[in-house]
1. Within the chain, which whole H helices from DSSP have a Cα span along their axis of at least 15 Å and a mean Kyte-Doolittle hydropathy of 0.5 or more, if any?
2. Of the beta bridges DSSP finds with both residues in the chain, what % are antiparallel, to the nearest 5?
3. Using helices alone, what [θ] at 222 nm do you get for the chain, with -39,500 (n - 2.57) per DSSP H run of 4 or more residues, divided over all residues and rounded to the nearest 500?
4. As an exercise, use a Förster radius of 30 Å and the Cβ-Cβ distance of GLU137 and GLU164 to find the FRET efficiency, rounded to the nearest 0.05.
5. Treat the stretch 1-107 as a sphere of radius equal to its Kirkwood radius over Cα pairs and apply Stokes-Einstein at 10 °C in a medium of 1.306 mPa s; give the translational diffusion coefficient in µm²/s, rounded to a whole number.
6. Hey, what did the stretch 11-196 get for relative contact order, percent, Cα under 8 Å, at least 6 apart?
7. What number in nm² do you get for the stretch 11-196 if you take the convex hull of its Cα atoms and divide its surface by four?
Amino acid sequence: MGFFKKNTPKLYPKKMIVGLGNPGAEYKGTRHNVGFDVVDLLATRQKNQLKTNRHQAMIAELLIQGVEVLLVKPVTFMNRSGTAVKALANHYGIKPEDILVVADDLDLATGRVRVRGKGGSGGHNGHKHLIQLLGTEEYPRIRIGIGKGQDETISHVLSRFTPEERATIDKSVSMSADACERWLTDGIDSAMQWANSQTSGD
């Protein structure tokens, strides 16, 4: 009866969606963890969750919109995110242009979503480490605005959203998950055009 196992048939993902954040309950729901929120939502939509720990990341191999994809949440801290992503990319044979990275962005207003096909780190420690280990800036990314705030940067990114902000961010997380699905089926240009035309965050 082994052929009835839940995880069969075996998937061979050639696309990866990475949410950046910090592991641990104390960081859940913080501004720096919106990338985790998006990846968790993608898994929830498929009635699944990231639970396999491999190469210092929680992962799930899923079929989303008919595309085999690897969802990833590194369990290293933010500034070491590249370690897990590089190892998983090597393991699955996934190219940088097929790795979509979702992360917070201080330079965007709270709730604003931007999709890009490539780019620099923008001062984001997660992206800095990814660029260093992948050896390229040419991987797609989704940026979710968390605003600059009044506190020092480290205090701000590790703080939680106000109830008013949370409602906006929940919409942005959902929109970002939609953009991820569009990227899988239609490519980065379509995802960029669609997401960047939305008014979230205004």
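Throughout, read-outs are computed from the coordinates displayed, never taken from laboratory work. These numbers were taken from a predicted model, which means no experiment stands behind them. Positions of Cβ are backbone-derived with ideal geometry, glycine not excepted, and every protein chain shown enters the neighbour counts.
1. 34-45
2. Working: 15 of 28 bridges.
Counting only bridges with both partners in the chain, antiparallel ones make up about 55 percent.
3. Working: 6 runs with 72 residues, N = 202.
The per-residue figure over the chain is -11000 deg cm²/dmol.
4. Values: r = 35 Å, r/R0 = 1.15.
In this case the efficiency is close to 0.30.
5. On the way: Rh = 14.2 Å.
For the chosen part, D equals 112 µm²/s.
6. On the way: 399 pairs, mean separation 48.0, N = 186.
The normalised contact order for the stretch 11-196 reaches 26 percent.
7. Working: hull surface 37.2 nm².
With the hull built on Cα positions only, its mean projection is 9.3 nm².
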